[in-house]
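Asks: Pasting in a structure now, in structure tokens, and then I'll have a few things to ask.
The values are calculated or read from the model by the stated rules, or taken from the named source; none is laboratory data. In this text, all values refer to a predicted model and were calculated from it rather than measured experimentally. As a convention, Cβ positions derive from the backbone with ideal geometry for all residues, glycine included, and neighbour counts pool all protein chains shown. Protein only, heavy atoms only, side chains kept; ligands, DNA and RNA dropped before computing areas. Shrake-Rupley method; radii C 1.70, N 1.55, O 1.52, S 1.80 Å.
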Amino acid sequence: MSWLWTILSLLPFLLLKNAFVMTILSLVGIYALASLGLNLIMGYSGQISIGHAAFMSIGAYVSTLLAINYNMPIVFGIILGGCIAFIFGILIGFPALRLSGFYLAIATMGFVVAVEQLFSYFERITGGHAGIRNIPFPSLWNSDVEKYLLVLGFLFIAYVITGRLINSKTGRAWMGIRENEIASSVMGVNVAWYKVLAFAIGSMFAGIAGALYAHVIGYIAPSDFGIAKSLDLLAISVIGGMASVEGPFLGALIYVAMPFLFSRTNIPLSIIFGIILIVVVLFMPLGVSFYVNKFRLKYLNFILSHFKKSKRPYGTFVKTKIGNIHYIKHGNGNVPVVLVHGNFASARFFEPLIEKIPSDKFTVYALDLPNFGFSDEIEGDVSIDKYAVALENFVQALGIDNFVLLGHSLGGAVAMGYAVRNPKKLRKLILVDPAPVYGMPSYDESAYKIIDVYRKNPDMIKRALMMNAPTYDDEKFFDRITSDALRMAKKAFIGNAKALAAYDYTPHASSVEIPVYVLYGDKDVILDYNAMKKTAEAFKNGKLIVLKDIGHSPVVEDRDNVIKILLE
């Protein structure tokens, strides 16, 4: 999405002489921000609100009165307007806990009517029904461009906050509450807390949007934020798509900007709004964002994956019997160490670990398995045994002997396959969150088709990698690994999943007499403790080491403990 924000940032400089279009784009951003807040309340936490415009009015009047009466800088006034709306969101959120469905909808509708009447009553402060005119907006250069950039800045911050929340524990709690409150409560989710939090944050976004509206338009009145405005925000959310991050922006773009294309016709805007809403509900019931994402997933991501794919090798090639294998080498120590990566990974996955391995004690070799990264593709079907044979060829080609073998995830299965064939060539076997010694479960064909979707979707690959290393937050690292993962052979996406379910080294594991360490992160979402325990017990000198609060990838999340095992 970074490219979209770049385009939106440059857009006003192409429209310097078109103040009308600039104002429309500013309104799109304002309504997208308000709708984003409503989406948190309705789309993600499952609550109903038809009074969202009330929070816009609170933010608008707070920021306006502070700017007029106290000459407060606009940015601070907007932030304070959002904070006051946040407080009102909490005050409304707590009583709303006892209500749901239509009752909650009626209660929030009553709130927006009450707020509208309240601002109309205090005529001396709020200007009453006539409203407030000439709301200040200090301009240094071009007021229309500056207003747009101010709106875009707050919208960007709101999207960052929303993205972080949705992909965190909070977002998972909201979605759990939306689907089933009782089940969420049984699982330990504090339903009341998360409901009120959604209401408060959604209200804050609306308050900031209302404050921006006041300074962009320069005029506000209580009627601007009545029940009709709340229904507008609801329509934007429905058109864009509920529980979608992109939905509010797309909905605002269609609902706010598109009608102005017909502004020179004699068709009333209300009819245009109605037609848009009917068309979306009938033909795009899940919202525009769902179908845009579907199109992107099917076509655009395939093109994008080509451009994101790693282009230049970063290591060295060695020629083997099964083809060229790409690898990186580090250190000049007496003890050779061979690192074997997992699925959707490459030799580069071990770079954070390699940096910390003492180069005077170890010589480290990290390879791209065939079908991965810059290594050649294996002929025929994919299997763990073929990967193990490829590892044999790699070791022979480089003359590596009496070495430590470390395998992670799928690489753990490959390492076991090598160890049962060549136990005398190893001094130690380290399996880091490996596929179990008896293989992974098998699935039906429909599940494997879902896996193949990753092949065309860089974002899904990146998210999967980040989910498997939840305590490691170097996003640029995951970008590099994703670029390498896009070089995987087409057949490997489904082939690797099937291969992981088609081996069983249990009968041969007992013949391996070298020390075998099985490292397991207890926050692993793929593997469980019993599978790792059975894997360790299958080896004569196997030992299970549980790493607390670590996910599926200790090689990047807990490098110190991995190196500690390496040094033992």
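Asks: Going residue by residue through the range 437-449, is there one that turns out to be of a type in the set (Val, Ile, Thr), under 19 Å from Leu369 (Cα atoms), buried (at least 20 other Cβ atoms within 10 Å of the Cβ) and touching a Ser or Thr at 6+ places or on another chain (Cβ under 8 Å)? I'd like the intermediate steps shown before the answer.
Replies: Residues of the range 437-449 of a type in the set (Val, Ile, Thr): 437.
Narrowing the set further to residues that are under 19 Å from Leu369 (Cα atoms) leaves none.
No - not one qualifying residue is present in the range 437-449.
Asks: Since Ala85 meets every condition but one in (1) within 37 Å of the chain's Cα centre (by Cα); (2) farther than 20 Å from Ala34 by Cβ, which condition does it not meet?
Replies: (2)
Asks: Specify which of the listed residues (Ser139, Ser168) is out of contact with any helix residue (DSSP H, G or I) (no Cβ under 7 Å at 6 or more places or on another chain) and on the phi < 0 side of the Ramachandran plot. Walk me through how you get there before you give the answer.
Replies: Numbers: Ser139 fails: out of contact with any helix residue (DSSP H, G or I) (no Cβ under 7 Å at 6 or more places or on another chain).
Every option except Ser168 fails the conditions.
For every residue, the table says whether it meets (1) acidic (Asp, Glu); (2) under 30 Å from Ile378 (Cβ atoms); (3) over 22 Å from the mean Cα position of the chain (by Cα); (4) not in a helix (DSSP H, G or I).
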residue: Gly274; (1), (2), (3), (4): no, no, yes, no
residue: Val279; (1), (2), (3), (4): no, no, yes, no
residue: Val292; (1), (2), (3), (4): no, no, no, no
residue: Phe295; (1), (2), (3), (4): no, no, no, no
residue: Tyr299; (1), (2), (3), (4): no, yes, no, no
residue: Ser310; (1), (2), (3), (4): no, yes, no, yes
residue: Tyr314; (1), (2), (3), (4): no, yes, yes, yes
residue: Lys319; (1), (2), (3), (4): no, yes, yes, yes
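Asks: Among (1) more than 30 Å from Tyr103 (Cα to Cα); (2) within 28 Å of the chain's Cα centre (by Cα); (3) buried (at least 22 other Cβ atoms within 10 Å of the Cβ), which single condition is Thr64 missing?
Replies: Every condition holds for Thr64 apart from (2).
Asks: Taking the range 1-38, which residues are closer than 14 Å to Glu246 by Cβ, at pLDDT 80 or above and either open to solvent by 10 Å² or more (accessible area, probe 1.4 Å) or of a type in the set (Asp, Glu) (or both)?
Replies: Once the filter is applied, which keeps residues that are closer than 14 Å to Glu246 by Cβ, at pLDDT 80 or above and either open to solvent by 10 Å² or more (accessible area, probe 1.4 Å) or of a type in the set (Asp, Glu) (or both), the range 1-38 yields only Leu8.
Asks: Also: Do any residues in the range 98-114 that are more than 17 Å from Ser45 (Cα to Cα) and open to solvent by 70 Å² or more (accessible area, probe 1.4 Å) have Cβ atoms under 9 Å from those of residues that are among the hydrophobic types (A, V, I, L, M, F, W, C) and at pLDDT 85 or above, where the two are at least six apart or on different chains, and which pairs are they?
Replies: Ile106/Ile50; Met109/Ile50; Met109/Ile227
Asks: Only one of Ser57, Ser63, Ser45, Ser100 is of a type in the set (Ser, Thr, Tyr) and modelled with pLDDT under 90. Can you tell me which? Give the derivation first.
Replies: Numbers: Ser57 fails: modelled with pLDDT under 90; Ser63 fails: modelled with pLDDT under 90; Ser45 fails: modelled with pLDDT under 90.
One residue alone meets the criteria, Ser100.
Asks: Further question: Of the numbered conditions (1) open to solvent by 20 Å² or more (accessible area, probe 1.4 Å); (2) in contact with a His (Cβ under 8 Å, 6 or more places away or on another chain); (3) of a type in the set (A, V, I, L, M, F, W, C), Leu567 satisfies every one except a single condition; which is it?
Replies: For Leu567, the exception is condition (2).
Asks: Where residues in the range 124-136 are in contact with a helix residue (DSSP H, G or I) (Cβ under 6 Å, 6 or more places away or on another chain) and assigned to a helix (DSSP H, G or I), which of them is surrounded by the most Cβ atoms within 10 Å (Cβ to Cβ)? First the steps, then the outcome.
Replies: Start the filter on the range 124-136 by keeping residues that are in contact with a helix residue (DSSP H, G or I) (Cβ under 6 Å, 6 or more places away or on another chain), which leaves 126, 128-129, 132, 135-136.
Narrowing further to those that are assigned to a helix (DSSP H, G or I): 126, 128-129.
Numbers: Thr126: 21, Gly128: 15, His129: 13.
By that ranking, first place goes to Thr126.
Asks: Could you identify the single residue in Arg455, Arg427, Arg421 that is open to solvent by 50 Å² or more (accessible area, probe 1.4 Å) and touching a residue at least 40 places away in the same chain (Cβ under 8 Å)? Break it down into steps so the answer makes sense when it comes.
Replies: On the way: Arg455 fails: open to solvent by 50 Å² or more (accessible area, probe 1.4 Å); Arg421 fails: touching a residue at least 40 places away in the same chain (Cβ under 8 Å).
Step by step, each of Arg455, Arg427, Arg421 is checked, and only Arg427 is open to solvent by 50 Å² or more (accessible area, probe 1.4 Å) and touching a residue at least 40 places away in the same chain (Cβ under 8 Å).
Asks: May I ask you to list the residues in the range 501-530 that are touching a residue at least 60 places away in the same chain (Cβ under 8 Å), of a type outside the set (Gly, Ala, Ser) and closer than 23 Å to Ser442 by Cβ? Reasoning before the result, please.
Replies: Of all residues in the range 501-530, those touching a residue at least 60 places away in the same chain (Cβ under 8 Å) come to 501-506, 508-509, 511-521, 524, 526-527.
Now restrict to residues that are of a type outside the set (Gly, Ala, Ser): 503-506, 508, 512-520, 524, 526-527.
Across the range 501-530, the qualifying residues are Tyr503, Asp504, Tyr505, Thr506, His508, Val518, Tyr520, Asp524, Ile526, Leu527.
Asks: Considering only residues of the range 461-473 that are of a type outside the set (S, T, N, Q) and open to solvent by 60 Å² or more (accessible area, probe 1.4 Å), which is nearest to the chain's Cα centre (by Cα)?
Replies: Within the range 461-473, the first condition is being of a type outside the set (S, T, N, Q), and the residues that meet it are 461-467, 469-470, 472-473.
Remaining after also requiring open to solvent by 60 Å² or more (accessible area, probe 1.4 Å): 463, 466-467, 470, 473.
Working: Arg463: 6, Met466: 9, Met467: 9, Pro470: 12, Asp473: 12 Å.
Checked the range 461-473; the qualifying residue nearest to the chain's Cα centre (by Cα) is Arg463.
Asks: Test Asp385 against the stated conditions and say whether it is over 16 Å from Ile514 (Cα atoms) and surrounded by fewer than 20 Cβ atoms within 10 Å (Cβ to Cβ). Write out each step before concluding.
Replies: Working: over 16 Å from Ile514 (Cα atoms): yes; surrounded by fewer than 20 Cβ atoms within 10 Å (Cβ to Cβ): yes.
Considered against the rule, which asks whether it is over 16 Å from Ile514 (Cα atoms) and surrounded by fewer than 20 Cβ atoms within 10 Å (Cβ to Cβ), Asp385 comes out as yes.
Asks: Out of the range 490-537, which residues are within 29 Å of Pro470 (Cα to Cα), hydrophobic (A, V, I, L, M, F, W, C) and either open to solvent by less than 10 Å² (accessible area, probe 1.4 Å) or not in a loop (DSSP other than H, G, I, E, B) (or both)?
Replies: Of everything in the range 490-537, those that are within 29 Å of Pro470 (Cα to Cα), hydrophobic (A, V, I, L, M, F, W, C) and either open to solvent by less than 10 Å² (accessible area, probe 1.4 Å) or not in a loop (DSSP other than H, G, I, E, B) (or both) turn out to be Ala492, Phe493, Ile494, Ala497, Ala499, Val516, Val518, Leu519, Ala531, Met532, Ala536.
Asks: Please state which of the following conditions Pro222 fails to meet, knowing it meets all the rest: (1) buried (at least 18 other Cβ atoms within 10 Å of the Cβ); (2) within 31 Å of the chain's Cα centre (by Cα).
Replies: It fails just one condition, (2).
Asks: Give the residues of the range 65-123 that are farther than 21 Å from Ser139 by Cα, among the aromatic types (Phe, Trp, Tyr) and in a helix (DSSP H, G or I), sorted by residue number.
Replies: Matches in the range 65-123: Phe86, Phe88, Phe94, Phe102, Tyr103, Phe111, Phe119, Tyr121.
Asks: Of everything in the range 1-59, what is part of a helix (DSSP H, G or I) and polar (S, T, N, Q)? Give them in sequence order. I'd like the intermediate steps shown before the answer.
Replies: Taking the range 1-59 as the starting set, the residues that turn out to be part of a helix (DSSP H, G or I) are 2-14, 19-44, 52-59.
Matches in the range 1-59: Ser2, Thr6, Ser9, Thr23, Ser26, Ser35, Asn39, Ser57.
Asks: Further, regarding this structure: Report yes if His326 is open to solvent by 90 Å² or more (accessible area, probe 1.4 Å) and either part of a helix (DSSP H, G or I) or in contact with a strand residue (DSSP E or B) (Cβ under 7 Å, 6 or more places away or on another chain) (or both), otherwise no.
Replies: no
Asks: Going by what's in this entry, would Gly373 be described as open to solvent by less than 30 Å² (accessible area, probe 1.4 Å), farther than 21 Å from Pro458 by Cα, in contact (Cβ under 8 Å) with a residue 12 or more places away in the chain and not acidic (Asp, Glu)? Before the answer, list the steps.
Replies: Numbers: open to solvent by less than 30 Å² (accessible area, probe 1.4 Å): yes; farther than 21 Å from Pro458 by Cα: no; in contact (Cβ under 8 Å) with a residue 12 or more places away in the chain: yes; not acidic (Asp, Glu): yes.
For Gly373, the condition - open to solvent by less than 30 Å² (accessible area, probe 1.4 Å), farther than 21 Å from Pro458 by Cα, in contact (Cβ under 8 Å) with a residue 12 or more places away in the chain and not acidic (Asp, Glu) - is not met.
Asks: While we're looking at this one, here's another question. Scan the range 241-251 and give yes if some residue there is in contact (Cβ under 8 Å) with a residue 40 or more places away in the chain, more than 18 Å from Thr162 (Cα to Cα), open to solvent by less than 70 Å² (accessible area, probe 1.4 Å) and part of a helix (DSSP H, G or I), otherwise no.
Replies: Going residue by residue through the range 241-251, those that are in contact (Cβ under 8 Å) with a residue 40 or more places away in the chain are 241-251.
Okay, now just the ones that are also more than 18 Å from Thr162 (Cα to Cα), so none.
No, that holds for no residue.
Asks: Among the residues of the range 430-446, write down those that are in contact (Cβ under 8 Å) with a residue 24 or more places away in the chain and not in a strand (DSSP E or B). Write out each step before concluding.
Replies: Filtering the range 430-446 down to residues in contact (Cβ under 8 Å) with a residue 24 or more places away in the chain leaves 430-443.
Correct list: Asp433, Pro434, Ala435, Pro436, Val437, Tyr438, Gly439, Met440, Pro441, Ser442, Tyr443.
Asks: How many residues does the range 91-140 contain that are of a type in the set (Ser, Thr, Tyr) and either over 21 Å from Val191 (Cβ atoms) or touching a Lys or Arg at 6+ places or on another chain (Cβ under 7 Å) (or both)? Show your work before the answer.
Replies: Within the range 91-140, the subset of a type in the set (Ser, Thr, Tyr) is 100, 103, 108, 120-121, 126, 139.
Right, trim to either over 21 Å from Val191 (Cβ atoms) or touching a Lys or Arg at 6+ places or on another chain (Cβ under 7 Å) (or both) and you get 120-121, 126, 139.
Matching residues across the range 91-140 total 4.
Asks: Name the residues in the range 542-559 that are modelled with pLDDT of 95 or more and open to solvent by 70 Å² or more (accessible area, probe 1.4 Å), would you?
Replies: Result: Lys543, single match.
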